[in-house]
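Since the structure comes first, as structure tokens, the remarks are kept for the end.
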Amino acid sequence: SIIEERINENPANFTGAVFLTYTLNLTFFEQIILPTLERTGCQNILVIADPDGYYEAIKFGKRNVRYAGSRYVCSFLPRHGYHVAHSKLLLLVGKSQGRLLIGSGNLTMYGYSKNLEIFDYFEFSEKGAAPEDIYPFEEISLFLSQLCSQQSSSTLSEQFAYVMEEIDWLNIAPEKPSDISIWHNLEYSLWEQFNQW
């Protein structure tokens, strides 16, 4: 229901979505999440998972998965050494709106509705937005852009470009709020960032 919630009394109107998850259930995604996204106008959808989660989802969902590759793109991040893709987030963007969830829930029925999970929630609307409201969206957009461009396949970066197409409000340099920091470990370890903080 949080996908469709109104933003500043306006209906949710998104054109693109990006999911990061460790494990996923594509049957749950196609039956529950995908129709909800489409009701908000969302047509460019990218789901990125850890390789283990991706192959497990394909194995267990192969009889029920119908729309991968046609109504959304689902891919995995190739593994380098012992690293796993453990980030979990949902980024929704539209021409004048944004919604961002960063948390602990995987893209499964349990991760999105039944487990006790923790999510940070951010919202953006061009009407009445403060300069610092863009910061979490800009940081996550840069993170996803780096993540997708580091892959050998062009599918991820191309689909991410489609998601971010015509999202002009993300081109405004954000003011960094004093009470929010978005960290990832693409360039520096989280421990290093924690110590610096």
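The values are calculated or read from the model by the stated rules, or taken from the named source; none is laboratory data. For clarity, every value in this text was computed on a predicted model and none was experimentally measured. Every residue, glycine among them, receives a Cβ derived from its backbone with ideal geometry; neighbour counts consider all protein chains shown. Side chains are part of the model used for accessible areas, which takes the heavy atoms of the whole protein and leaves out ligands, DNA and RNA. Shrake-Rupley method; radii C 1.70, N 1.55, O 1.52, S 1.80 Å.
Out of curiosity, is Tyr22 free of Cβ contacts under 8 Å to residues at least 40 places away in the same chain and buried (at least 16 other Cβ atoms within 10 Å of the Cβ)?
Values: free of Cβ contacts under 8 Å to residues at least 40 places away in the same chain: no; buried (at least 16 other Cβ atoms within 10 Å of the Cβ): yes.
No; evaluated as a whole, the condition is false for this residue.
All told, Pro177 meets the bar of being touching a residue at least 40 places away in the same chain (Cβ under 8 Å) and either open to solvent by less than 40 Å² (accessible area, probe 1.4 Å) or under 16 Å from the mean Cα position of the chain (by Cα) (or both).
Looking at the range 31-82 only, could you name the residues that are of a type outside the set (A, V, I, L, M, F, W, C), assigned to a helix (DSSP H, G or I) and touching a residue at least 40 places away in the same chain (Cβ under 8 Å)? Passing the criteria: only Gly53. Report yes if Glu117 is open to solvent by 30 Å² or more (accessible area, probe 1.4 Å), touching a Ser or Thr at 6+ places or on another chain (Cβ under 6 Å) and among the charged types (D, E, K, R), otherwise no. Here the answer is yes, as Glu117 does meet what is asked.
Which residue out of Ile134, Ile102 is among the β-branched types (Val, Ile, Thr), touching an Asp or Glu at 6+ places or on another chain (Cβ under 9 Å), touching a residue at least 60 places away in the same chain (Cβ under 8 Å) and surrounded by 14 or more Cβ atoms within 10 Å (Cβ to Cβ)? Can you show your working first?
Values: Ile134 fails: touching a residue at least 60 places away in the same chain (Cβ under 8 Å).
After applying the criteria, what remains is Ile102.
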